[in-house]
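Q: Below is the structure I would like to discuss, written out as C-alpha cells.
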Amino acid sequence: MERTLIKDALQKKENTKVLLKGWIHDSRDLKKVRFIVLKDRTGRIQITGINGKTASTVFDEMTSFTRESAIEVVGTIQDSKQAKSGKELLPESITIIAKAEEPLPVDASDYSKSDLANRIDNRFLDLHSKKAQSIFRVQSTILQAFREFMTKNETIEAIFPAIIGASSEGGTDVFEIKYFEKSAYLSQSCQLYKQMLACSMEKVFAIFTAWRAEKHNTLRHLNESRQLDYEEAFADDKDVMKVLAECMKYMIQRVLDQNSEELEFLKVNLKIPKTKYLTFDEVAKLMKKEKIKIPEHDLSGEAEKKLGDLFPDTIVFVTDWPIKGKPFYIMPDGENSKGFDAIWKGLEISSGGQRIHEPELLKKQLKANGMDPKNFKEYINSFKYGAPPHAGWALGLERITMLMLGIENIREVTLFPRDRDRLSP
Ligand code: AMO
C-alpha cells in the first residue's frame, strides 16, 4: 500500500483504507478507548482504538509507544463528532518505524516549557515541535519570496566565496583562518564581489552567509548570519531603497498568504509596513528632543528602538549618513554619504547605499578608514574598466524573521546558531 498524507486522509470518505506514516504527538488511555495523535508534515489525525472492536493485539500495544516515535498505521477513516478534524482513524495495524527513547531530552509539545538553550542543544527533537516548525516554515517562505521577487525583477542570483584574502567590511571583527601557508578570513559580506558583478551584469542578488567575530553576546547578533544581498548598476541610494521597500512588502505579503496557520499559532499580527525617509540629521534632532544620546556617526540601539515607537509598522530609512559612520566603499557626499540604514520595529534590518566606483576616491577612502589600498588591488582595479555608478543593500535574514514573528532572541529563529558560546550542534 502507498502512503497517504494526513491532510489527504482527512478528505477521504468513511471506511476508506489508508496507510499513514508520522510521529506520535500525544496519546491518552481511557481504558476502554485509547487515542494516539499522529502528526506528519501536513497535519494531525486522531487514531482511536476501542476495546472489543479494535484487534486486541493492536489495542494492547497502543499504550506502549513513546511520544515522538515514528510509526506506520494502516486503518480505516471514520467520521467523528469528537475529533477536532471531524475524522479519525480506526487502526488495523501499527508498526514502529523508529522508537523515541525516554525520557525525551527536550519538551517537543506545542507549548514547550524547555528553555531555549536546551531546545537548541536538542534541535533535532525541538524541530518536532509546532513552534520550531512554524518559525522555519515562515523563514523558508521568506527565502522563496526573496528569490521570487528578485527573479521577477530580472535580477540574477550569484554565489560568492566564503573565504577571502582581505576584510570586506573593515574593522577588526573578522575571523582569521589558516589557508595553507597564508592567512585568510571568513567573509564578513559579499560586498566587493556583488559590486564587481553589478558592474557587468547590472542586477544581482545573493543569499550569503556572513561571519563576524563580534565579541558581544546580544539578543540580536550572531557570529554567523545570513544576508539577503542586492546590487544594481546605474542606480543610486534612492533607487535601491525603493527596491528594498518593495522587496520587504512582497516577502511579508507572501508570508501572510502562505503561512496563515503558522502566524495564528505564533499569535502574530503581521502587517504590510509603510515607508518613511528621514536624514541622519533629522533623526539626530528627533533623538535630542526625546533626550536620547547617540554617537556622532551612528545610531544606538536605544535610538533604533525609539524610531520603532515613533513610527510603528513603518520601515524608516535613515539617509544621508555621516561618512565617518559608514564603511570605506560608501560614496561620500560632503560631510555625509549616500549610505543608509533601514530600521523596522525598532531594529536595523538592512544597510546599504551608493558605492564608490572611482579608483582614486576608493584609495582615499580606504586610507581614511585605516586600510591599506595594496590589499584591495584587484577590487580597485575592477573599477578602471567601465564601472558605472551602482548601489545596493543587504537585509539580515534572521533579523527580519524575528521581527516578523515577534520573537525576542535571534537564536530562536536560527536553526543552528553560532554565537560567542555556541559552536554545536
Ligand atoms: P551590514 O553590516 O549592516 O551591511 O549588514 C547588513 C544586515 O545584516 C544583518 N546583520 C546581522 N545580523 C545578525 N547578526 C550580526 N552580527 C549581523 N551583522 C549584520 C543586519 C544588517 O542590517 N555589505 C553591507 C551591506 C551593503 O551595503 O550592501 C553589510 O554587510 O540586518
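The values are calculated or read from the model by the stated rules, or taken from the named source; none is laboratory data. None of these values were measured; they are calculated from a predicted model. As a convention, Cβ positions derive from the backbone with ideal geometry for all residues, glycine included, and neighbour counts pool all protein chains shown.
Q: Please give the number of the condition Tyr185 fails out of (1) part of a strand (DSSP E or B); (2) over 26 Å from Gly370 (Cα atoms).
A: Evaluating Tyr185 over (1) part of a strand (DSSP E or B); (2) over 26 Å from Gly370 (Cα atoms) leaves (2) as the failure.
Q: Quick check on the range 228-265: of everything there that is within 16 Å of the ligand (Cβ to nearest atom) and among the acidic types (Asp, Glu), which residue is surrounded by the most Cβ atoms within 10 Å (Cβ to Cβ)? So that I can check it myself, show each step before the final result.
A: Of all residues in the range 228-265, those within 16 Å of the ligand (Cβ to nearest atom) come to 228-233, 235-245, 247-248, 251-252.
The next check asks that each one be among the acidic types (Asp, Glu); those that pass are 229, 231-232, 236-237, 239.
Numbers: Asp229: 26, Glu231: 30, Glu232: 22, Asp236: 16, Asp237: 24, Asp239: 15.
Selected residue: Glu231.
Q: Hey, which of the strands (runs of 3 or more DSSP E) in the range 36-149, taking only ones fully inside, have at least 2 residues that are of a type in the set (Ser, Thr, Tyr) and touching a residue at least 12 places away in the same chain (Cβ under 8 Å)?
A: Qualifying strands (runs of 3 or more DSSP E): 87-98.
Q: Just one of Lys384, Lys377 is in a helix (DSSP H, G or I) and more than 16 Å from the ligand (Cβ to nearest atom); which is it?
A: Lys377
Q: Give the range 160-184 a look and list any residue that's in contact with an Asp or Glu (Cβ under 6 Å, 6 or more places away or on another chain) and among the hydroxyl-bearing types (Ser, Thr, Tyr), or say none.
A: Result: Ser183, single match.
Q: Same structure again: Looking only at the range 393-419, count every residue that is of a type in the set (Gly, Ala, Ser) and near the ligand (Cβ under 8 Å from one of its atoms) and tell me the total.
A: Applying the first criterion (of a type in the set (Gly, Ala, Ser)) to the range 393-419 yields 394, 396, 406.
Then keep just the ones that are near the ligand (Cβ under 8 Å from one of its atoms); that gives 394, 396.
So the answer is 2.
Q: Select from the range 155-174 the residues that are in a loop (DSSP other than H, G, I, E, B) and without any contact (Cβ under 8 Å) to a residue 40 or more places away in the chain and list them in ascending order.
A: Result: Pro161, Ser168, Gly171, Val174.
Q: Related question: Determine whether the range 9-26 contains at least one residue that is modelled with pLDDT of 95 or more, touching a helix residue (DSSP H, G or I) at 6+ places or on another chain (Cβ under 6 Å), closer than 24 Å to Asn259 by Cβ and of a type in the set (Val, Ile, Thr).
A: No, the conditions are met nowhere in the range 9-26.
Q: Search the range 165-222 for residues being of a type outside the set (Asp, Glu) and in contact with a His (Cβ under 9 Å, 6 or more places away or on another chain), and hand back the single one that is nearest to the ligand (Cβ to nearest atom).
A: Among those that are of a type outside the set (Asp, Glu) and in contact with a His (Cβ under 9 Å, 6 or more places away or on another chain), it is Arg212.
Q: Please count how many residues of the range 305-344 are under 27 Å from the mean Cα position of the chain (by Cα), within 13 Å of the ligand (Cβ to nearest atom) and among the basic types (Lys, Arg).
A: 1
Q: Please pick out the residue among Ser200, Ser189, Ser183 that is buried (at least 19 other Cβ atoms within 10 Å of the Cβ) and among the hydroxyl-bearing types (Ser, Thr, Tyr).
A: Ser189
Q: Taking the range 205-219 only, how many residues are outside any loop (DSSP other than H, G, I, E, B) and either out of contact with any helix residue (DSSP H, G or I) (no Cβ under 8 Å at 6 or more places or on another chain) or free of Cβ contacts under 8 Å to residues at least 60 places away in the same chain (or both)?
A: Qualifying residue count, the range 205-219: 6.
Q: Output the number of the condition that Gln365 fails; it satisfies all remaining conditions of (1) near the ligand (Cβ under 9 Å from one of its atoms); (2) farther than 20 Å from Asp281 by Cβ.
A: (1)
Q: Is the range 331-346 home to any residue that is hydrophobic (A, V, I, L, M, F, W, C) and either exposed (fewer than 15 other Cβ atoms within 10 Å of the Cβ) or free of Cβ contacts under 8 Å to residues at least 24 places away in the same chain (or both)?
A: Taking the range 331-346 first, the residues hydrophobic (A, V, I, L, M, F, W, C) are 331, 340, 342-344.
Subsequent filtering for residues that are either exposed (fewer than 15 other Cβ atoms within 10 Å of the Cβ) or free of Cβ contacts under 8 Å to residues at least 24 places away in the same chain (or both) retains none.
For the range 331-346, residues hydrophobic (A, V, I, L, M, F, W, C) and either exposed (fewer than 15 other Cβ atoms within 10 Å of the Cβ) or free of Cβ contacts under 8 Å to residues at least 24 places away in the same chain (or both): absent.
Q: Further, regarding this structure: Is it true that Tyr193 is over 20 Å from the mean Cα position of the chain (by Cα) and assigned to a strand (DSSP E or B)?
A: Against the criterion (over 20 Å from the mean Cα position of the chain (by Cα) and assigned to a strand (DSSP E or B)), Tyr193 does not qualify.
Residues checked against (1) closer than 30 Å to Phe208 by Cα; (2) surrounded by fewer than 14 Cβ atoms within 10 Å (Cβ to Cβ); (3) out of contact with any Ser or Thr (no Cβ under 6 Å at 6 or more places or on another chain):
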residue: Ile77; (1), (2), (3): no, no, no
residue: Ala98; (1), (2), (3): no, yes, yes
residue: Ala108; (1), (2), (3): no, no, no
residue: Ile120; (1), (2), (3): yes, no, yes
residue: Gln133; (1), (2), (3): yes, no, yes
residue: Thr141; (1), (2), (3): yes, no, yes
residue: Pro161; (1), (2), (3): yes, yes, yes
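Q: Of all residues in the range 387-425, count the ones that are β-branched (Val, Ile, Thr) and not in a helix (DSSP H, G or I).
A: Of the residues in the range 387-425, 2 are β-branched (Val, Ile, Thr) and not in a helix (DSSP H, G or I).
Q: I'm checking my understanding of the structure. Among residues of the range 262-283 that are assigned to a helix (DSSP H, G or I) and touching a residue at least 60 places away in the same chain (Cβ under 8 Å), which one is farthest from the chain's Cα centre (by Cα)?
A: Phe265
Q: In the range 296-326, what count of residues is obtained for those that are in contact (Cβ under 8 Å) with a residue 12 or more places away in the chain and either closer than 17 Å to Ile356 by Cα or of a type in the set (D, E, K, R) (or both)?
A: Residues flagged as in contact (Cβ under 8 Å) with a residue 12 or more places away in the chain and either closer than 17 Å to Ile356 by Cα or of a type in the set (D, E, K, R) (or both) within the range 296-326 amount to 15.
Q: Based on what the data block shows, is Glu296 at pLDDT below 95 and either under 22 Å from Phe208 (Cβ atoms) or more than 14 Å from the ligand (Cβ to nearest atom) (or both)? Even if it seems obvious, please write down each step before you answer.
A: Values: at pLDDT below 95: yes; either under 22 Å from Phe208 (Cβ atoms) or more than 14 Å from the ligand (Cβ to nearest atom) (or both): yes.
The answer is yes for Glu296.
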